[in-house]
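In what follows, a structure is listed as structure tokens, so that the remarks can point back to it.
The values are calculated or read from the model by the stated rules, or taken from the named source; none is laboratory data. For clarity, every value in this text was computed on a predicted model and none was experimentally measured. Methodologically, a virtual Cβ is constructed for each residue, glycine included, from the backbone with ideal geometry; neighbour enumeration extends over all protein chains shown. Remember, those area values only see protein heavy atoms, side chains included, never the ligands or the DNA or RNA. Shrake-Rupley method; radii C 1.70, N 1.55, O 1.52, S 1.80 Å.
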Amino acid sequence: QTAEHREKCAFYDNSLTERMKMEQELNDLFDSSIKNHDFKVYLQPKIRLETNRAEGAEALVRWIHPEKGVIYPSDFIPLFEMNGKICSLDFYIFTQVCQTLRAWIASGKNPIPVSVNLSRQHFLEHNFLKKFADIAKEYEIPPGMIEFELTESIFFDNRQINVVKEMIRQMHQLGFLCSLDDFGSGFSSLGLLKEFDVDTIKLDRSFFVNMAGEKAKDVIACLIELSKKLKVHTVAEGIETDEMVEYLRMIKCDMVQGYIFSRPIPISEFEERYI
Ligand code: C2E
Ligand code: CA
Ligand code: CA
Ligand code: CA
């Protein structure tokens with residue numbers, strides 16, 4: 001063993017324990033943070049290109065800890081997916097979204113549909129959708145105001161194909177909408193379109209980061225055209241430039257979500273700007 005190798009290992013061990021310590025800490029904080037309402041819903045508008053208005057929003061969680069500051073989903077979602085805490089978090093976020101929609105409806109404002117992200121961990125629990133439906137009912141929210149975003153990768157698990165199909169069927173039966181998130185981030189995404197009855201596809205950000213070539217543009221245009229034929233709505237994600245917005249407008253993508261219009265923002269700010 002060289003000195004360098006030993007050093008690298010020491011560094012590795014060290015950062016690994018650091019990481020484990022941090023994860024342990026976040027784990028321990030979860031319950032009290034739920035109680036103290038430290039998890040906040042941020043909303044990012046989805047702009048319909050035909051009207052230039054926010055006609056939808058995605059709920060994205062932010063953990064705002066009094067001492068640690070803002071913690072982003074990438075730092076805790078994977079962790080909470082491993083230990084199952086993600087399900088209680090998703091229910092919490094969903095409840096906040098229902099409360100928000102109720103406030104919009106009650107104040108006579110024009111409410112817009114909101115989508116929430118659903119972790120695959122929920123599938124392990126039989127009949128979990130009923131729980132979501134009960135919450136929506138409690139707040140008297142028409143289920144059509146709520147869309148569940150399912151990330152593409154869950155559709156690839158062959159063992160889950162029928163589970164996912166059945167779940168989408170149940171969602172629709174309960175009146176909820178369903179979108180296929182991160183579409184195109186994996187291989188053979190096209191097959192998913194024919195197999196699963198989703199209302200919307202969200203074209204993954206990776207499509208748009210490398211858009212220099214004509215070929216890339218043509219692929220997106222074809223996907224939009226195909227979606228129209230299949231009567232599936234399209235949302236382009238992670239759009240950061242005017243040029244891209246104009247291109248998407250030209251090929252008739254339905255909606256755009258991205259920093260070019262707004263980052264995810266707190267609910268109060270969202271209401272001021274869009275409701
Ligand atoms: P996602 O569902 O694909 O959400 C879109 C992510 O892209 C968000 O990151 C959003 O802030 C970011 N984004 C939006 N527009 C742009 C843009 O123009 N440029 C760039 N570079 N990024 C943009 P965020 O909020 O950090 O969330 C990351 C992921 O964490 C989400 O990816 C989602 O998979 C997961 N997540 C967030 N909230 C929840 C939740 O409440 N429940 C569950 N299960 N997962 C969640
Ligand atoms: Ca999403
Ligand atoms: Ca996405
Ligand atoms: Ca993503």
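Atom-type composition of the exposed protein surface of segment 193-275 places 52 percent of the accessible area on carbon and sulfur (1.4 angstrom probe). Electrostatic bookkeeping for Phe156 treats Lys and Arg as +1 and Asp and Glu as -1; over the other residues with beta carbon under 15 Å from its beta carbon, the sum is -2.
Pairwise Cα distances in segment 135-188 exceed 14 Å in 59 percent of cases.
Legend: calculated FRET efficiency, Glu271 to His172, from the Cβ-Cβ distance at R0 = 22 Å, rounded to 0.05, equals 0.15. Take the Cα of Leu16, step 7 Å toward its Cβ, do the same at Val209, and the gap between the two points is 2.7 nm.
Can you compute the equivalent ellipsoid semi-axes for segment 98-184, i.e. the square root of 5 times each eigenvalue of the Cα gyration tensor, sorted largest first and rounded to whole Å?
26, 14, 9
Near Gln173: Cβ cut-off under 12 Å, other residues only, Lys/Arg at +1 and Asp/Glu at -1. The net charge is 0.
Rg to Rh ratio, segment 136-275, alpha-carbon atoms and Kirkwood radius? All intermediate terms of the calculation are to be shown ahead of the outcome.
Values: Rg = 16.2 Å, Rh = 16.4 Å.
Taking Rg over the Kirkwood Rh, I get 0.99.
Summing charges over neighbours of Glu138, with a neighbour being any other residue whose Cβ is under 12 Å away from its Cβ, gives +1 when K and R count +1 and D and E count -1. Length gained on full extension, Ala106 to Phe156: 13.9 nm, using 0.36 nm per residue less the C-alpha separation. In the complete set of protein chains, residue-level accessible area for Arg102 is approximately 70 Å², probe 1.4 angstrom.
Across the chain, the mean sequence separation of Cα contacts (distance under 8 Å, 6 or more residues apart), normalised by length, yields a relative contact order of 19 percent. Within the accessible area of segment 15-132, the carbon and sulfur atoms contribute 52%, probe 1.4 Å, all protein chains present.
A straight line joining the Cα centroids of segment 204-275 and segment 146-183 runs 21 Å. Remark: C-alpha extents of segment 222-263 on the principal axes read 30, 17, 10 Å, sorted largest to smallest.
Using a Gaussian network model of the chain in which every pair of alpha carbons under 10 angstrom is joined by a spring, one finds that among Gly213, Gly144, Gly258 the greatest mean-square fluctuation is at Gly213. When the Gaussian network model of the chain links Cα atoms closer than 10 Å, the mean-square fluctuations of Thr51, Thr95, Thr17 top out at Thr17. With point charges of +1 on the Cβ of Lys and Arg and -1 on the Cβ of Asp and Glu, referenced to the Cα centre of the chain, which listed residue (Ala136, Met211, Leu43) lies farthest in the positive direction of the dipole? Of the listed residues, the answer is Ala136. Comparing Lys109, Lys46, Lys252 in a Gaussian network model of the chain (Cα springs below 10 Å), the most mobile by mean-square fluctuation is Lys109.
In this view, the solvent-accessible surface of Thr200, computed with a 1.4 Å probe and all protein chains in place, comes to about 10 Å². Entry comment: accessible area of the chain is 54 Å² per residue, from protein heavy atoms only and a probe of 1.4 Å. Over 33 Å, how big is the tail of the calculated P(r) for the chain, in percent of all Cα pairs? Counting pairs separated by more than 33 Å, the tail of P(r) holds 27 percent.
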